[in-house]
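So the structure is just underneath, and the comments pick up after that.
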Amino acid sequence: MSMLVLGIESSCDETAAAVIEDGRLIKSNIIASQIKTHAPFGGVVPELASREHLEAIVPVVNSALTQSGVTIDEIDGIAVTKGPGLVGSLLVGLSFAKSLAFSRNKPLVGVNHIEGHVYSVVFENPPIEYPALALVVSGGHTTLFLIPEEGKYAALGRTRDDAAGEAYDKVAKLLGLGYPGGPVIDRLARSGDASAAELVFTVPRMDSPNLDFSFSGLKTAVLRYVKQNRIEPVVNGQHPSQQISDLAASFQDKVIRSLLARLKKAVQRHQPRTIILAGGVAANSALREEMRAGDFGAPVYYPSPQLTTDNAAMIAAAGFPKLARGEHHGFEFSAVASLKLENFILEGYEAPLKARYRL
Ligand code: KG4
Ligand code: ZN
């Protein structure tokens, strides 16, 4: 007997619902993006996001059911994102999922959004073999996990300041390139010469065994470079100058070096059998190329572009093993804006230090 899971995701600026069979087969995957609403502000405006989720949630879930050809009665369980994310946004999906589960008497599980990103690779790749390493790089997170067995996570390193995607978005805003910044910088960097725009910056000392990241110093170096070289931001969608393309290439090169250096160290230490690259920044073409070329001694799994950014298929996939084990979370659990994904700490690793920088 197959198991059908309805996934619901609303943690940031995408309202999404999906129906997944046995954790691996996508029957439908609907995503309503709010990019147009937030683009003029150069970032997500939380109040606007919650309002749009409220408007979108019913039609999005309805289309996911219609497109899958599955009725709500045939659904075996519901998986919903409980965090991390914007609390007002999370609550829309969560309240809706709870009401649906209650009224239709379906088991409900809350899923960590970052664990969802890890599961985004299960649809198009062979099964994950453990131990696995997962690098989750998105607008909100940059974390490297060791996954010794399914469902167990140790954070080997995380960002001490900005997430990699956040750095892309802030640099793009600074250069007048629009929102989200990742895809534009990715495209511009292809025609840029990284060595023509040298970025000078320091990263905080990180000599603990933690494989932590830091992108704030790099972002400040871009700002300094822009000021020193009197670079004008692009206005009204004009074609960016060669100087801006060079700067984009140089910035991107530094981000990729930093991600790959930590990943390589983790591979040497833990000898994984699968490497997972997930989250919005995993869509980056240069990062994918470098990962393909890197000799890690284990296969690297990525999601295809539509599963790279936020979606509900990955939430349903992460919820599937929990529901299949008979887990369900009742109706008491709530949204947790800063939910961590870590259920054990490796010996020698320490709780992360928090450093805050502002541009
Ligand atoms: O996973 P995601 O949709 O949302 C979060 O959970 O944060 O990731 C969105 C982030 C944005 O910061 C966006 O700029 C970045 O992913 N992104 C990219 C690319 N496509 C999206 N970054 C670099 N290169 C790309 N091609
Ligand atoms: Zn995400």
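The values are calculated or read from the model by the stated rules, or taken from the named source; none is laboratory data. Note that the coordinates shown come from a computational prediction; the quantities given were computed from them, not determined experimentally. Please note: Cβ atoms are built from the backbone with ideal geometry, for glycine as well, and neighbour counts cover all protein chains shown. Accessible surface areas use protein heavy atoms only, side chains included; no ligands, DNA or RNA. Shrake-Rupley method; radii C 1.70, N 1.55, O 1.52, S 1.80 Å.
Structure summary
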read-out: Two-site label geometry, T220 and A196: point separation in nm, points 7 Å out along Cα→Cβ; value: 2.8
read-out: Values of log10 I(q)/I(0), in the order q = 0.10, 0.12, 0.15 Å⁻¹, for the chain under a Debye, Cα-only, solvent-free model; value: -0.61, -0.87, -1.30
read-out: Net length gained if the chain between S33 and Q306 were fully extended (0.36 nm per residue, minus Cα distance); value: 97.1 nm
read-out: Cut-off under 5 Å, modelled amide H: who pairs with S28 long-range; value: V19
read-out: Amide H contacts of N284 (H built 1.01 Å from N, under 5 Å, at least 5 apart or other chain); value: none
read-out: Stretch gain in nm, segment K152-L260, where the contour uses 0.36 nm per residue and the Cα spacing is subtracted; value: 36.6 nm
read-out: Residues whose placed amide H lies under 5 Å from that of T159, excluding near-sequence neighbours; value: T142, F213
read-out: Accessible surface of the chain, 1.4 Å probe, proportion on carbon and sulfur as whole %; value: 53
read-out: Total charge dipole magnitude, the chain, about the Cα centre, Cβ charges on Lys, Arg, Asp, Glu only, Debye to nearest 20; value: 820
read-out: Hz values of 3J(HN,Hα) by residue in the range 166-183 - Karplus curve (6.51, -1.76, 1.60), Gly and Pro given as x; value: 4, 5, 4, 5, 5, 5, 5, 5, 4, 8, x, 9, x, 10, x, x, x, x
read-out: Given charges at beta-carbon only (K, R positive; D, E negative), |dipole| of the range 1-127 in Debye; value: 180
read-out: Under Karplus coefficients 6.51, -1.76 and 1.60, residue-wise ³J(HN,Hα) of the range 124-134 in Hz, glycine/proline x; value: 10, 10, x, x, 5, 9, 10, x, 10, 10, 10
read-out: Karplus (6.51, -1.76, 1.60) ³J(HN,Hα), θ = phi - 60°, over the range 328-339, in Hz, Gly and Pro reported as x; value: 8, 9, x, 10, 7, 5, 10, 6, 10, 4, 10, 3
read-out: GNM result for the chain, Cα springs below 10 Å: residue of T142, T308, T220 fluctuating most strongly; value: T220
read-out: Extended-chain gain in nm, criterion 0.36 nm per residue less alpha-carbon gap, A286 and K340; value: 16.6 nm
read-out: Solvent exposure of the chain as accessible area per residue, Å², 1.4 Å probe; value: 44
read-out: Farthest positive-ward along the chain dipole, Cα basis, beta-carbon charges - from A293, G116, M3; value: A293
read-out: Within the chain, longest stretch free of exposed trypsin sites (Lys or Arg not before Pro) [DSSP loop, at most 11 other beta carbons within 10 Å]; value: 1-204
read-out: With all protein chains modelled, accessible area of H113 [1.4 Å, Å²]; value: 10
read-out: Dipole axis of the range 20-77 (+1 Lys, Arg; -1 Asp, Glu on Cβ), positive-most option in V61, F41, I20; value: F41
read-out: Efficiency of FRET from Cβ geometry, L48 and S241, R₀ 30 Å, rounded to 0.05; value: 0.40
read-out: Inter-part distance where the range 191-253 and the range 39-107 are each reduced to a Cα centre, Å; value: 37
read-out: Cβ-Cβ FRET estimate between Q271 and A324, R0 fixed at 22 Å, reported to 0.05; value: 0.15
read-out: The range 180-265: chymotrypsin sites (Phe, Trp or Tyr not before Pro) in DSSP coil with no more than 16 other Cβ atoms inside 10 Å; value: F201
read-out: Over 27 Å between alpha carbons, listed pairs K27/K82; K219/K264; K82/K152; K27/K322; K173/K264; value: K173/K264
read-out: Dipole magnitude of the range 102-188 about its Cα centre (Cβ charges: Lys, Arg +1; Asp, Glu -1), debye to nearest 20; value: 300
